[in-house]
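Colleague: One structure, pasted below without further comment.
Coordinate-derived values only; no laboratory data. Not measured: the values here are computed from a predicted model. Here the Cβ positions follow ideal geometry from the backbone for every residue, glycine too, while neighbour counts run over all protein chains shown.
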Amino acid sequence: MGILVGLMLVLTFGLVSAESSVFTISGSGAAVINSDNPKLYSSIMHINLSDNSAVNNGGVIVRGSDVSIVARFVPDKWIFSYGNDGSFHGEGIAQAGHNGIYNISLDGTRIFATTDGSMWKVSATMQNTGQKFILDYLLTGNDPVPSVSVSNTEHILIPNGNSAQGNTGFFLPLNLEIIRGTTVIWQNEDNIGHTVQSQDAKGNIIPLFNSPLLNTGDTFTYKFDKPGVYHYFCSIHPWRIGVVTVS
């Protein structure tokens with residue numbers, strides 16, 4: 001892991017050119033060698049863009065028990081385009097020292113955007129005359145097209161009939177999975193009042209988030225800034241529990 005972090009620093013700080021970068025996108029993922037004997041490797045990608053159509057510098061790291069590749073992008077050998085929907089496509093060459101030249105093709109789909117940056121799901125291929133890798137990443141960074149809004153909120157419904165202990169109604173979804181920084185909105189659609197009270201994994205009440213009485217149609221919001229598993233329940237109907245999982 002230490003070696004991998006060190007290589008990431010090489011990519012992040014060792015490739016800076018005289019031209020300043022405006023946009024930076026980076027993250028980690030996995031690589032699979034496409035052969036009769038496929039193997040899984042860890043991988044890192046880093047892209048510096050001087051605008052939404054020009055790669056300034058960057059590179060790819062692929063590392064495993066039998067592979068250690070640091071492939072640095074050759075900026076003037078890249079074609080890069082960023083769409084108004086937040087997606088991007090790039091094709092270019094990376095120099096990998098004794099491993100030679102790799103041709104890289106990548107496509108990114110934006111998962112969400114915030115005022116602080118965005119996240120993309122990126123699929124890529126990296127190949128030379130002897131090897132071909134299939135790569136998948138989650139990359140984050142500042143966004144060349146921040147004006148295209150992507151919701152960073154999620155909803156949990158308290159359905160009608162939720163108060164009856166024998167009823168099948170409960171918080172919907174029961175376990176909400178979100179990204180750090182997401183604001184969750186609970187809405188009461190039942191015909192009686194409910195609350196949202198945070199608790200620990202053992203069921204003890206904790207003062208993290210605690211709604212007032214939510215009458216029909218009322219909402220309660222809380223922003224989850226830290227990863228973790230968050231338990232909660234209705235203090236009026238304590239058999240109604242829910243979970244928010246933040247990654």
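Colleague: Taking the Cβ of Gln187 as the centre, find all other residues whose Cβ is under 14 Å away and add up their charges (Lys, Arg: +1; Asp, Glu: -1).
Modeller: Every neighbour counted, the sum reads -4.
Colleague: For each pair in Lys121/Lys223; Lys121/Lys202; Lys132/Lys226; Lys39/Lys223; Lys39/Lys121; Lys121/Lys226, compute the distance between the two Cα atoms and list the pairs where it is over 29 Å.
Modeller: Violating the 29 Å Cα-Cα cut-off are Lys121/Lys202; Lys132/Lys226; Lys39/Lys223.
Colleague: With each label point set 7 Å from Cα along the Cα-Cβ vector, what nm distance links Asp116 and Ile192?
Modeller: For the pair Asp116/Ile192, the computed spacing is 4.0 nm.
Colleague: Rounded to two decimals, what is Rg over Rh for segment 18-120 when you use alpha-carbon atoms and the Kirkwood radius?
Modeller: Using only Cα positions, Rg/Rh for segment 18-120 is 0.98.
Colleague: What number comes out for the charge environment of Gly242, summing +1 per Lys or Arg and -1 per Asp or Glu over other residues with Cβ under 13 Å away?
Modeller: In short, -1.
Colleague: Quick check: residue separation of Ile79 and Lys39 times 0.36 nm, minus the Cα distance between them. What number comes out in nm?
Modeller: That works out to 11.5 nm of additional length.
Colleague: When the scattering of segment 153-246 is computed by the Debye formula from its Cα atoms alone, each counted once and equally, what is log10 I(q)/I(0) at q = 0.10, 0.17, 0.18, 0.19 Å⁻¹?
Modeller: These q points yield log10 I(q)/I(0) values of -0.22, -0.65, -0.74, -0.82.
Colleague: Given a Förster radius of 45 Å and the C-beta distance between Arg180 and Thr129 as r, what FRET efficiency does 1/(1 + (r/R0)^6) yield to the nearest 0.05?
Modeller: 0.60
Colleague: Quick one: if the Förster radius is 30 Å, what FRET efficiency do Ala30 and Ile236 give, using the C-beta to C-beta distance and rounding to 0.05?
Modeller: With a Förster radius of 30 Å, E is 0.05.
Colleague: Could you please report the charge total around Lys121, scoring K, R as +1 and D, E as -1 over all other residues with beta-carbon less than 12 angstrom from its beta-carbon?
Modeller: For residues surrounding Lys121, the net value is -1.
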